[in-house]
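S.K.: Handing you this structure, nothing more for now.
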Amino acid sequence: MKFVRLAGLILLLGIANLATAQDPEIKTPPVKSADTTIKRIMDEMQRIVDNDKQNASAIQALLSGRDFDNSTKYELIKNNIINASETYYLLNKKIIDLKSRTTTNNLDVFITSLNNPESKELGFSLSDRVVELVEKIILKGKTDKNDRDGKIVESTKSIINSPIFKSFTSLTPPLAIASSVMNFLHSVSVSNKAINQKSLQDFEKELNKYTIYYTALNDANQKFEFGLNFNKDQLALLQDNMYELLQFAATVLKSPLPPRGNKTIAETLNEYFLTFKKDNVVDFFKQLEDKYMIQKTKKIDYENLLRENPNLKEVNNQLEDLVLQTKRFENLYNEYFTLLDSYYAKVNNSLKLAMDNGLAEKSIIEAKQGEFRQLKTEAVNEIQASINIKELTTNVDKIKYRYRIF
């Protein structure tokens, strides 16, 4: 290029010199001036050549930068989606684990024993105490002398041992027994003049000391059960949201979700994650890279890959919703322990009521409170170890969803 331009310039100069020689009116410029002109032209030509080189370098750098930008986008999308597949799996696993929790077997046994009318965990059984109160306050110790009074005791025992109360699965048998015995004695007092209103009032006053304790314990259990059910409902809703969010990504990754049908959301997702693993997603991207590999250079054509698979960008951009779902799970996880703390406080309060009303000795109550505290600590440690929330948060931190790809 430089040679052609230089040849053209010399030709033009030659023509100019020829014209000057033929025209006597035109004076030949000094040689020095001609040399200056040629130098100036040569300098200009060199500048043009240098600019051409610079432009070529800039264009090449731009092209290289574009390729680098596409490869960066692809690697970001790829790593995000691979990490997200593991996050989906972990989130589902931990939701199921938390949904299955009540407390622990040992803690459940402890609470059940406290509420059992036959139990003597606090040094007494409600069943025995009710019979004793009937004999002492209602019958004033005359059960051996009066057969009718003996029947009252037997009827009281029959009420206490009723299969109806024993079949209760909720924590209310003691309260049901107290109410039923009280109703029975009121009905008997109509035909038995020996049972007066004062004795009934005295009996009810003593019985209320027990019902206050069991009512507080029952209230603690009911609120804990209500809180657990609400927590489970929220976890089920979280699974529904995860299913909807995963549908698009799963289709793009060539691993569509199974239809819900009559199955629960837990069954559907469990079935899906039996086969859909992080390795599946790694294989998907491996096949994609092989497809867009330029055989001559052994380099991936990232530009075509991204242009012909635009949904990959959308899957990446939707990962912000997945991260929000994991945050929701963390909140429900923390709410569970808040619920457990509240339950612990309420059960301790019921035990204190038993002590304040003289139902059990202080040493027994304090021992039970210590046992309950230990069981609660063990339950918390067991659940934390089982669910391992750190495993989930660490994986979520690998998802760079903040970098939206366009």
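The values are calculated or read from the model by the stated rules, or taken from the named source; none is laboratory data. Given the structure is predicted, the values throughout are model-derived calculations rather than measurements. Every residue, glycine as well, gets a Cβ built from its backbone with ideal geometry; the counts of neighbours run over all protein chains shown.
S.K.: Can you tell me which condition residue 338 does not meet? The list is (1) under 30 Å from residue 245 (Cβ atoms); (2) without any contact (Cβ under 8 Å) to a residue 60 or more places away in the chain; (3) touching a strand residue (DSSP E or B) at 6+ places or on another chain (Cβ under 8 Å), and all the others hold.
M.R.: (3)
S.K.: Just to be sure before I move on: is residue 138 β-branched (Val, Ile, Thr) and closer than 22 Å to residue 363 by Cα in the structure I sent?
M.R.: no
S.K.: Restricted to the range 217-228, and to residues that are of a type outside the set (Asp, Glu) and surrounded by fewer than 18 Cβ atoms within 10 Å (Cβ to Cβ), which residue is nearest to residue 339 (Cα to Cα)? Show your work before the answer.
M.R.: First, pick out the residues of the range 217-228 that are of a type outside the set (Asp, Glu): 217-218, 220-224, 226-228.
Applying the additional criterion that residues be surrounded by fewer than 18 Cβ atoms within 10 Å (Cβ to Cβ) yields 222-223, 226-227.
On the way: 222: 12, 223: 9, 226: 10, 227: 7 Å.
Checking each candidate, the answer is 227.
S.K.: Could you give me the residue pairs with C-beta distances under 9 Å whose first residue belongs to the range 211-222 and is under 12 Å from residue 349 (Cα atoms), whose second residue is among the hydroxyl-bearing types (Ser, Thr, Tyr) and outside any helix (DSSP H, G or I) wherever it lies, and which are 6+ apart or on separate chains?
M.R.: 214/172; 218/170; 218/172
S.K.: Looking only at the range 141-148, decide whether some residue is modelled with pLDDT of 85 or more, of a type in the set (Val, Ile, Thr) and in contact with a helix residue (DSSP H, G or I) (Cβ under 9 Å, 6 or more places away or on another chain).
M.R.: Scanning the range 141-148, I find no residue that is modelled with pLDDT of 85 or more, of a type in the set (Val, Ile, Thr) and in contact with a helix residue (DSSP H, G or I) (Cβ under 9 Å, 6 or more places away or on another chain), so the answer is no.
S.K.: Moving on. Here's a check for you: in the range 291-312, which residue that is assigned to a helix (DSSP H, G or I) and within 35 Å of the chain's Cα centre (by Cα) is surrounded by the fewest Cβ atoms within 10 Å (Cβ to Cβ)? Spell out the reasoning first.
M.R.: First pass over the range 291-312, keeping only residues assigned to a helix (DSSP H, G or I): 291, 302-308, 311-312.
Filter once more, keeping what is within 35 Å of the chain's Cα centre (by Cα): 302, 305-308, 311-312.
Details: 302: 20, 305: 20, 306: 18, 307: 10, 308: 12, 311: 12, 312: 23.
For the range 291-312, the residue satisfying everything is 307.
S.K.: What number of residues in the range 353-372 are assigned to a helix (DSSP H, G or I) and surrounded by fewer than 15 Cβ atoms within 10 Å (Cβ to Cβ)?
M.R.: Adding up the residues that qualify gives 7.
S.K.: Then there's this: Tell me yes or no: at least one residue of the range 204-212 is modelled with pLDDT under 90, out of contact with any Cys (no Cβ under 7 Å at 6 or more places or on another chain) and loosely packed, with under 14 Cβ neighbours inside 10 Å.
M.R.: No, that holds for no residue.
S.K.: Being of a type in the set (Gly, Ala, Ser) and under 30 Å from residue 138 (Cα atoms) is the filter here, so list the residues in the range 203-258 that pass it.
M.R.: 216
S.K.: May I ask you to verify whether residue 178 is assigned to a helix (DSSP H, G or I), surrounded by 13 or more Cβ atoms within 10 Å (Cβ to Cβ) and in contact with a Ser or Thr (Cβ under 6 Å, 6 or more places away or on another chain)?
M.R.: On the way: assigned to a helix (DSSP H, G or I): yes; surrounded by 13 or more Cβ atoms within 10 Å (Cβ to Cβ): yes; in contact with a Ser or Thr (Cβ under 6 Å, 6 or more places away or on another chain): yes.
Yes, satisfied.
S.K.: Moving on to the next point. In the range 190-224, how many are over 19 Å from residue 176 (Cα atoms) and assigned to a helix (DSSP H, G or I)? Step through it out loud before you land on a result.
M.R.: Within the range 190-224, the first condition is being over 19 Å from residue 176 (Cα atoms), and the residues that meet it are 190-199, 202, 224.
Filter again for assigned to a helix (DSSP H, G or I), leaving 197-199, 202, 224.
Counting residues in the range 190-224 that are over 19 Å from residue 176 (Cα atoms) and assigned to a helix (DSSP H, G or I) gives 5.
S.K.: If I ask for residues that are surrounded by fewer than 17 Cβ atoms within 10 Å (Cβ to Cβ) and hydroxyl-bearing (Ser, Thr, Tyr), which ones from the range 229-267 would you list?
M.R.: Matches in the range 229-267: 251, 264.
S.K.: Can you confirm whether the range 118-128 contains a residue that is at pLDDT 90 or above, in a helix (DSSP H, G or I) and basic (Lys, Arg)?
M.R.: No, the range 118-128 contains no residue that is at pLDDT 90 or above, in a helix (DSSP H, G or I) and basic (Lys, Arg).
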